[in-house]
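Worksheet for the structure shown next.
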Amino acid sequence: MDIAPMVVTSGWASGTNAYATVLILGGMGRLGIDDSTPAMLERTDVLVVAAILFVIEFVADKIPYLDSAWDAVHTVVRPLVGAWIGALYAGVGDADTAQQLAAALGGGGMAFGSHSVKAGFRMAVNTSPEPFTNSVTSLGEDGAVLVVLALTVNHPWLAAGIALFLLVLGAALVLFLATRIRRFLRRRRNPRKNPNPHNPPGGP
């Protein structure tokens, strides 16, 4: 098994949806789809906990503003999951301690990058007055995680390339939407501030 593309792909996926990543990888291992899955990810207790947390995230991720609060809480969780999965796959490949550490750092770094893109994009989405964009965005992210992880079975380098492309594309999009993100942050800091200075409270 080539560890590098798996570390890149699972790291990106963990930063986007850590619990879905554990479920998909562990599920593929349990079903015999991927025989390179670390035994830890196939454990029943791990899959049950991941499934419960996935359901909670599935709901929270589609509610405006609650999704950003959820992302804030997972700023540490998602990179840790990415690092953990990277180290597990390095262990399956009989890597030494230094290689496992490198895999953990690589997976955690990718997860932090994709998490930052996800969190930033959600801030921009939350500036929209309607709630449907959140649901569409969340479903798109979940679908992308599923597709990219499924590709790792037979096309690991293609999956890693797509993960890197999505990371770069997402970062570019967040930078483009930076104005909306700054507006969102100002609104959170000053929730009672009148957004229209030309129409003061109590005016006509």
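The values are calculated or read from the model by the stated rules, or taken from the named source; none is laboratory data. Just so it is clear, the structure is predicted and the values come from calculations on it, not from any experiment. Here the Cβ positions follow ideal geometry from the backbone for every residue, glycine too, while neighbour counts run over all protein chains shown. Calculation scope for accessible area: heavy atoms of the full protein, side chains included, ligands and nucleic acids excluded. Shrake-Rupley method; radii C 1.70, N 1.55, O 1.52, S 1.80 Å.
Consider ASP96 against the criteria (1) closer than 26 Å to SER135 by Cα; (2) without any contact (Cβ under 8 Å) to a residue 60 or more places away in the chain: it satisfies all of them except one. Which criterion is unmet?
(1)
Contact list please: Cβ distance under 7 Å, first residue in segment 37-50 and of a type in the set (D, E, K, R), second residue open to solvent by 80 Å² or more (accessible area, probe 1.4 Å), pairs at least six apart or on different chains.
GLU42/ARG30
Counting only residues that are over 16 Å from the mean Cα position of the chain (by Cα) and at pLDDT 95 or above, which one in segment 45-85 is surrounded by the fewest Cβ atoms within 10 Å (Cβ to Cβ)?
Checking each candidate, the answer is ASP45.
Here are the criteria: (1) open to solvent by 10 Å² or more (accessible area, probe 1.4 Å); (2) of a type in the set (S, T, N, Q); (3) at pLDDT 90 or above. Tell me which single one THR97 does not satisfy.
Among (1) open to solvent by 10 Å² or more (accessible area, probe 1.4 Å); (2) of a type in the set (S, T, N, Q); (3) at pLDDT 90 or above, the lone unmet condition for THR97 is (3).
Taking the stated definitions as given, is ALA102 open to solvent by 20 Å² or more (accessible area, probe 1.4 Å) and either over 21 Å from ALA163 (Cα atoms) or in contact (Cβ under 8 Å) with a residue 60 or more places away in the chain (or both)? Walk me through how you get there before you give the answer.
Working: open to solvent by 20 Å² or more (accessible area, probe 1.4 Å): yes; either over 21 Å from ALA163 (Cα atoms) or in contact (Cβ under 8 Å) with a residue 60 or more places away in the chain (or both): no.
Against the criterion (open to solvent by 20 Å² or more (accessible area, probe 1.4 Å) and either over 21 Å from ALA163 (Cα atoms) or in contact (Cβ under 8 Å) with a residue 60 or more places away in the chain (or both)), ALA102 does not qualify.
Just one of the numbered conditions (1) open to solvent by less than 30 Å² (accessible area, probe 1.4 Å); (2) within 21 Å of ASP67 (Cα to Cα); (3) hydroxyl-bearing (Ser, Thr, Tyr); (4) modelled with pLDDT under 95 is not true of TYR89; which one?
The failed condition is (2).
Just need a number here: residues in segment 15-41 that are out of contact with any Ser or Thr (no Cβ under 6 Å at 6 or more places or on another chain), open to solvent by less than 50 Å² (accessible area, probe 1.4 Å) and not hydrophobic (A, V, I, L, M, F, W, C).
8
If THR127 satisfies all but one of (1) outside any helix (DSSP H, G or I); (2) at pLDDT 95 or above; (3) not hydrophobic (A, V, I, L, M, F, W, C), what's the number of the condition it fails?
(2)
Do any residues in segment 10-34 that are closer than 17 Å to LYS118 by Cβ have Cβ atoms under 6 Å from those of residues that are open to solvent by less than 30 Å² (accessible area, probe 1.4 Å) and of a type in the set (Lys, Arg), where the two are at least six apart or on different chains, and which pairs are they?
Partner pairs satisfying both residue conditions: SER14/ARG78; GLY15/ARG78; THR16/LYS118; ALA18/ARG78.
May I ask you to list the residues in segment 105-134 that are farther than 17 Å from VAL8 by Cβ and open to solvent by less than 40 Å² (accessible area, probe 1.4 Å)? First the steps, then the outcome.
So the first thing to find is which residues in segment 105-134 are farther than 17 Å from VAL8 by Cβ, and the list is 119-134.
Hits for segment 105-134 are ALA119, GLY120, ARG122, ALA124, VAL125, ASN126, THR127, SER128, ASN134.
Failed condition for ARG180, given (1) in a loop (DSSP other than H, G, I, E, B); (2) open to solvent by 60 Å² or more (accessible area, probe 1.4 Å); (3) at pLDDT below 70, with all others met?
For ARG180, the failing item is (1).
Given (1) in a helix (DSSP H, G or I); (2) open to solvent by 50 Å² or more (accessible area, probe 1.4 Å); (3) at pLDDT 70 or above, where does GLU141 come up short, assuming only one miss?
All conditions are met except number (2).
Does segment 161-173 include one or more residues that are more than 15 Å from the chain's Cα centre (by Cα), within 18 Å of GLY15 (Cα to Cα) and modelled with pLDDT of 95 or more? Don't jump to the end; show me each part of the working.
Within segment 161-173, the subset more than 15 Å from the chain's Cα centre (by Cα) is 161, 172-173.
Restricting the remaining residues to those that are within 18 Å of GLY15 (Cα to Cα) gives 161, 172-173.
Right, trim to modelled with pLDDT of 95 or more and you get 161.
The answer is yes; a qualifying residue exists.
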